[in-house]
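Have a look at the structure below before the remarks.
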Amino acid sequence: MRPEGVLITGGAGFVGSSLALRLKRQHPELRVIALDNLKRRGSELNIPRLQGSGVEFVHGDIRNAEDLAISGKVDLLLECSAEPSVLAGYGSSPHYLLQTNLTGTLNLLEYCRAHGIRMLFLSTSRVYPIAALNSIRIEETETRYEIAELQELPGISRRGISEDFPLTGPRSLYGATKLASEMFIEEYAYAYSVETIVNRCGVIAGPWQMGKIDQGVVVLWVARHVFGQPLSYIGFGGTGKQVRDVLHIDDLCDLVDHQIANFGSLKGKVFTVGGGREVSFSLLELTTLCETITGSRVPFSRVAQNRPADVPIYLSDNTRITEATSWWPRRNAERLIRDICDWICSNREQLARVLAA
């Protein structure tokens, strides 16, 4: 049964606003509320888009339980708010990270418990430990790293990382807050019968993402080519061979819409969700795509040293979510980069102060 009212936290952010607009477009009768603290630069640009499409915008912060006093019918929460950078808390205070990603989740769970609301929680592939990810056996090709056939750890194959990959070991403060949130979600489901679904998402990208070096690197890469600005290959000897799978935001919207419609049969599950091996590329391969699509070449520097939490490769094994829903990513890497490029070029003046700053 579809909900009557959906509250999307982080609703002016890239993922939250994309979901809000899609749901309102697909289901005009649905009440959609987007709540956001507007901390991330560029999120304010989404407010006119949301309000112009009939989405209600609330300026609020999940760290403050009183900001969740939403009047009217709400029976589903899409939790898209987070401090999203894996580098957050390194070399600076982790206070905002912990308060947003952990205390905020607890406030939302209390809100769901008190009002009988379902929760769909967007977690992260960063719940998996850094040392374990770095111990994956890899092969090096001319342009990228690949996962080797033979592995010692469970939950890893040529397809990528599955839900059975080990969870023991440090993973970054960001990853720790998301894994802790998953554990609290499990406890609230058990103790209070809160109905939940958890998606462990890999890299997500697409139009309206305000990319930075620490989060949203695909959009940053395209933007630097459009605006003719320099880039760097950081870590792994400065080779640019590190690999990620990348999920087009429209593919995520397709999945979430299906999960909402089939919540009852999917509740209590944790799913790995990403672009998979088919939609993956190294930074070197991303550069080639950007050069081909934008017609621009930019200067590169190389930094050999790895940063905290760097891993050589991450691919999402979507087997479980595909078996449960028949969903898989339908938009390939070229489509992703072209969509981002078209968006930047169509809004060049407006986006220059955010993406070219």
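Where a number appears in this text, it was derived from the coordinates with a stated rule and is not lab data. Note that the coordinates shown come from a computational prediction; the quantities given were computed from them, not determined experimentally. Cβ placement follows ideal geometry from the backbone for every residue including glycine, while neighbour counts extend to all protein chains displayed.
If only Cα atoms are counted, what is the Rg of the stretch 6-101, and what is its Dmax, in Å?
13.7, 47
Quick one: divide the alpha-carbon radius of gyration of the stretch 142-292 by 2.2 N^0.38 Å and tell me what you get.
Scaled against compact globular proteins, the figure is 1.20.
Quick one: putting +1 on the C-beta of Lys and Arg, -1 on the C-beta of Asp and Glu, what dipole do you get for the chain around its Cα centre, in Debye to the nearest 20?
600 debye
Among Gly16, Gly155, Gly202, which one shows the biggest mean-square fluctuation in a GNM of the chain, springs joining Cα atoms closer than 10 Å?
It is Gly155.
What does the convex hull of the Cα atoms come to per residue for the stretch 90-157, in Å³? It would help to have the intermediate numbers written out before the result.
Details: hull volume 10.3 nm³, N = 68.
Spread over its residues, the Cα hull of the stretch 90-157 gives 152 Å³ apiece.
Would you be so kind as to identify which of Cys290, Leu252, Ala333 lies farthest towards the positive end of the dipole of the chain, taking Lys and Arg as +1 and Asp and Glu as -1 on Cβ and the Cα centre as origin?
Working it through, the farthest residue towards the positive pole turns out to be Cys290.
Note the per residue figure in Å³ for the convex hull of the C-alpha positions in the stretch 275-357.
Working: hull volume 12.9 nm³, N = 83.
Measuring per residue, one finds 156 Å³ for the Cα hull of the stretch 275-357.
Check cross-link reach from Lys241 to the lysines: straight Cα distance under 20 Å, and skip same-chain residues fewer than eight apart.
The qualifying lysines are Lys212.
Please give the net charge around Val273, taking every other residue with its beta carbon less than 12 angstrom from that of Val273, where Lys and Arg add +1 and Asp and Glu add -1.
Result for the neighbourhood of Val273: -2.
What ranking do Ser282, Ser296 get, fewest neighbouring Cβ atoms within 10 angstrom at the top?
By the 10 Å Cβ count, ascending: Ser296, Ser282.
Given 37 °C and 0.692 mPa s, compute D for the stretch 157-233 with the Stokes-Einstein relation, Rh being the Kirkwood radius over Cα pairs; round to the nearest whole µm²/s. Don't skip to the end; give the middle numbers.
Values: Rh = 15.8 Å.
The estimated diffusion coefficient comes to 208 µm²/s.
Taking Cα atoms, how many degrees apart are the long axis of helix 104-115 and the longest axis of the chain, rounded to 10 and kept between 0 and 90?
For 104-115 against the chain, the angle is about 30 degrees.
Straight-line reach only, C-alpha to C-alpha below 20 angstrom: list the aspartates and glutamates that Lys39 could link to, leaving out same-chain residues fewer than 8 apart.
Result set, ordered by chain and number: Glu56, Asp61, Glu66, Asp67, Glu79, Glu83, Asp214.
Between helix 173-192 and the chain, what is the angle of the helix's C-alpha long axis to the longest principal axis, kept within 0 to 90° and rounded to the nearest 10?
Relative to the chain, helix 173-192 is tipped by roughly 30 degrees.
Can you tell me the relative contact order of the stretch 236-347? Whole percent, Cα pairs under 8 Å, sequence separation 6 or more.
For the stretch 236-347, the relative contact order is 44 percent.
Between Asp61, Asp164, Asp257, find the one with the highest GNM mean-square fluctuation for the chain; connect C-alpha pairs within less than 10 Å.
Asp164
Can you give me the relative contact order of the stretch 203-278 as a percent, contacts being Cα pairs under 8 Å and 6 or more apart? Show your work: numbers first, answer last.
Details: 58 pairs, mean separation 25.0, N = 76.
Relative contact order comes out at 33 percent.
So what's the angle, to the nearest 10 degrees on a 0 to 90 scale, between helix 333-346 and the longest Cα principal axis of the chain?
80 degrees
I want to verify a result. In a Gaussian network model of the chain, Cα cutoff 10 Å, which of these has the top mean-square fluctuation: Thr288, Thr168, Thr141?
Result: Thr141 has the largest fluctuation of those listed.
What is the percent of Cα-Cα separations in the stretch 221-333 that go past 22 Å?
Values: 2939 of 6328 pairs.
Taking all Cα-Cα pairs of the stretch 221-333, the fraction more than 22 Å apart is 46 percent.
Express the relative contact order of the chain as a whole percentage, based on alpha carbon pairs under 8 Å and six or more residues apart in sequence. List each step's numbers first, then the result.
Numbers: 729 pairs, mean separation 63.4, N = 357.
Here the relative contact order equals 18 percent.
Please list, ordered by chain and number, the residues whose modelled amide H lies under 5 Å from the amide H of Phe271; skip anything fewer than 5 residues away on the same chain.
Val198, Asn199, Arg200
Take the stretch 27-179, drop everything but the C-alpha atoms, weight them equally and run the Debye formula without solvent; then report log10 I(q)/I(0) at 0.11, 0.19, 0.20 Å⁻¹ to two decimals.
Listed by q, the Debye log ratios stand at -0.60, -1.16, -1.23.
What are the lysines whose alpha-carbon lies under 28 Å from the alpha-carbon of Lys269, with same-chain residues fewer than 8 places away excluded?
Leaving aside lysines fewer than 8 places away in the same chain, those within reach of Lys269 are Lys24, Lys73, Lys178.
Looking at Gly16, Thr196, Val226, which one has the Cα that reaches farthest to the positive end of the dipole of the chain (charges on Cβ: Lys, Arg +1; Asp, Glu -1)?
Sorting the options by dipole projection puts first Val226.
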